[in-house]
1. Report the antiparallel proportion of the DSSP beta bridges in the protein assembly as shown as a percent, rounded to a multiple of 5.
2. For A:Ile376, A:Ile493, which order do you get if you count the other beta carbons within 10 Å of each Cβ and list the fewest first?
3. Using a/c under 1.5 as the rounded threshold, could you call region A:438-515 rounded, prolate or oblate? The axes a ≥ b ≥ c are square roots of the C-alpha gyration tensor eigenvalues, and prolate needs a/b larger than b/c, oblate otherwise.
4. Arranged by the count of other C-beta atoms within 10 angstrom, fewest first, what order do A:Asp487, A:Asp151, A:Asp189 take?
5. Report, in listed order, any pair from A:Lys322/B:Lys48; A:Lys280/A:Lys441; A:Lys322/B:Lys159 with a Cα-Cα distance greater than 25 Å.
6. Rounded to whole Å and sorted largest first, what semi-axes of the equivalent ellipsoid does the C-alpha gyration tensor of region A:280-426 yield via the square root of 5 times each eigenvalue?
7. Taking 8 Å as the Cα distance limit and 6 or more residues as the minimum spacing, I'd like the relative contact order of chain A as a percentage.
8. At 222 nm, what value in deg cm²/dmol follows for the protein assembly as shown if DSSP H runs of at least 4 each add -39500 (n - 2.57) and the sum is divided by all its residues, to the nearest 500?
Amino acid sequence: MATEHPDNVTDAPGETPEETDESYVEIDGTERRRAFVDRYPNAAQAVRVLFGVSFLSFAVGALFGLVQALHRTGVLRVIASADYYTILTAHGVLLALVFTTFGITGLFHWANTRSLGVAPTSQRLTWLWIGTMTLGTLFAGSTIVAGLFPDIPASADVLFTFYAPLEAHPLFYVGAALLIVGSWIAGVDWFLQYREWRSANPDSRIPLQSFMVMTTMLMWYLSTLGVAVEVVVFLIPWSLGLIGQVDPLLTRTLFWYFGHPVVYFWLLPAYMIWYTVLPKLAGGRLFSDPLARVVFVLFLILSTPVGFHHQYTDPGVPAGFKFVAMTNTMFLLLPSLLTLFTVVASIEHGARQRGGEGYLSWLRSLPWDRPAFTGIALSGIMFGAGGFSGMINAGMNINYLVHNTLWVPGHFHLTVGTAFALTLMAVSYWLVPQITGKRLKLRGVAALQPYVWFLGMVLMSNAMHRAGLAGVPRRTAEPEYQQFSYDTVVGGIAEMQMQIALGGTVLFVGAVMFLAVMLATWTLSPPNANLRVNGELPEPLSTATDSPKVLDNLKLWFAVAVVLVVLAYGIPLYSMVADGILSPGSVPFPV
Amino acid sequence: MHVHRFEKLWFGAALLLIVAFIATIVYGAAGPGVAMVSDDGGTIDADKVANGNFNQTDNFRSPGVYRENGQVHVYIVARQFLFNPGTSQAIEVPANEQVTFHVTSADVMHGFNLAGTNVNSMVIPGQVATFSVTFDETGSHGIVCHEYCGSGHHTMAGKLTVVSQSQFELAPDADAVEASGGS
Ligand code: HEM
Ligand SMILES: [Cu+2]
Ligand SMILES: [Cu+2]
């Protein structure tokens, strides 16, 4: 029966291309499944562990998100307002740093292995980086949670941006450093895999997914340098009392040197899924492989020299460099706009392959009942909205209206909180069967889940944006003050608060639905089933073969990226350290 | 390499859009003169701010509202969890006249935002944030600390009152209206 399903093709009634079985081959007279878990059992196990940690962090983070949404709107306050910041630190760290990093390294480990067709070179190396990242998470996580218990003398209520001179327990910084160092080693693992592939394929173009993994990691090496120096050179010695003071503007600048590219570290894995998996799920093919490469090269080059756009309102940073960062940021729109084109074109192609017609009515031919497709498509739509509010953030002058207001979390819950998070959830509906060998359970719940997340996010994010325009600050347990009340532009504050609380609740329900599907699949589904998913990815319509070879010259693009960083950061960093790298200095203020 | 005609069109349109964005922002910055916080406030020793040794700083005065060379200047110290002046006593400034703010921190990072307006600056220990505002209308604005600064962060706010010029000039000792402010 299974042999009747050759790769990529299906004509069985009621089956969409997404629903075909994994491929089977005949070995010694028996049919053997050839899913990812069967081909690369060790890599699949590593991805399972990475996704496990990622989803666990997501569970805790989502619960805390609900607590925040209810607390800061005054709907339900189950914690003391002083503890709000412990919860918020945990939410930011667990979701923006742990859920993402583990989810991304899981995706990359799968994608690099799948596309190169080469197993990771050393299992010990793989476990080394997974162990390092996990240890870092445990260190940072336990010092944060300790903040809820007055008897434990450790605390890290410094939020995920940990601006000095607020000071966390040293273990918090050590944990953050380990998480990053672990991700560096992960990159080494993938480059070694590539080297092995290259020696067997001296003349081939780099397979697309591997190309995306490597460009993203090069960008990551360049950008994490900032936060690594901040933490290792300054914050760890300072929190241990080895140095007496740090320069808060310098450490903050190093943070944001990393803080913008990190959003591309979240986004590019989602783009990788949009480029390589979404077309297949829609029933078609990627429009253009070379254009996808151009996009990733642009991100490698432009992602880092933009960090000052998070410091538009900072004293001590010359206005001219804010201006340079603004210009670079606007050019970063280009690869995202190109992505929009390719994604829409690929989906349309898929819809037409499925019989869709007309200017827009082809939209109806898409598999809107399949959670992997719907989740990714909806996350793309939300990202469009997030991109729009991001352009407003990036405009230097309008930024002054919204900086540090609730507008900002309204923006990034669309980007990292949906474009990344919902893409990861959605692709899990397709990928987790392939790395566990278990068929997806609770399919009805899964089919509904992306819509629930979408609805919750529309409510919460929209109200956050509007509240931000009225001046309601972010990162605040009780945004109501005795001294004044807000003037609103559209709607009233009470209505916005209700919408945030309601949206947060719906989102939490969406998170629970996702986790239930994963838990049920992982624990209840029998192993070695027919998976009803197929890991084959179809060839792009326009392949890499005839594109310029220079696109694959990663050394060149990395060098260009370094030069741009030196141009954007050289002078301002020099002027910050010229008066002594620790001055003007601040002594620690423990939380 | 084959690049589809629509792709080329889209590429061109995208570039055009980007250049247009940059142009509007340049216009916004250079034309109507939306002032940015820059590095011209200079640096300061946070210790001296914490201990009130303002006689030892040349770019910052004791917190309060002053007239310097005919112009109104407001010196504000942010500290966990109040603005001095601003929190225990509203800051009073005149309408229709340029007011220059100088804000710094005695301890950790804070924010300074007149709620719902684009008067918005980070307050970073060791740095003096300097920016000028002209208020067209009388009335009052809430001052919000918008950067997390510790467990009492949500209590950190203040008030700024814009009065007509005649009322402002009526204040006794108009040359240096010192705010007693703060704790
Ligand atoms: C159940 C879903 C979620 C809910 C209800 C929720 C709710 C919230 C709320 C209300 C805030 C604002 C808190 C404040 O500024 O006072 C917030 C902040 C934040 N959220 Fe979420 N969120 C959710 C999911 C996510 C996801 C999936 C991510 C990222 C992958 C994320 C990342 C963040 C970050 C980075 C912050 C900022 C933390 C800070 O300011 O230090 N959230 N969230
Ligand atoms: Cu950014
Ligand atoms: Cu504060």
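Every read-out reported here was derived from the displayed coordinates using simple, explicitly stated rules and does not represent laboratory data. Values in this document were obtained by computation on a predicted structure and should not be read as measured data. Using ideal geometry, Cβ is built from the backbone for each residue, glycine included, and neighbour counts are taken over all protein chains shown.
1. Among the beta bridges of the protein assembly as shown, antiparallel pairing accounts for roughly 70 percent.
2. In order of increasing Cβ crowding within 10 Å: A:Ile493, A:Ile376.
3. Judged from the Cα gyration tensor, region A:438-515 comes out prolate (a/c at least 1.5, a/b above b/c).
4. Placing the least packed residue first, the sequence is A:Asp151, A:Asp487, A:Asp189.
5. Flagged as over cut-off: A:Lys322/B:Lys48; A:Lys322/B:Lys159.
6. Taking √(5λ) for each eigenvalue gives 34, 17, 12 Å, largest first.
7. Taking the mean separation of contacting Cα pairs over the length of chain A, I get 21 percent.
8. For the protein assembly as shown, the value works out to -17000 deg cm²/dmol.
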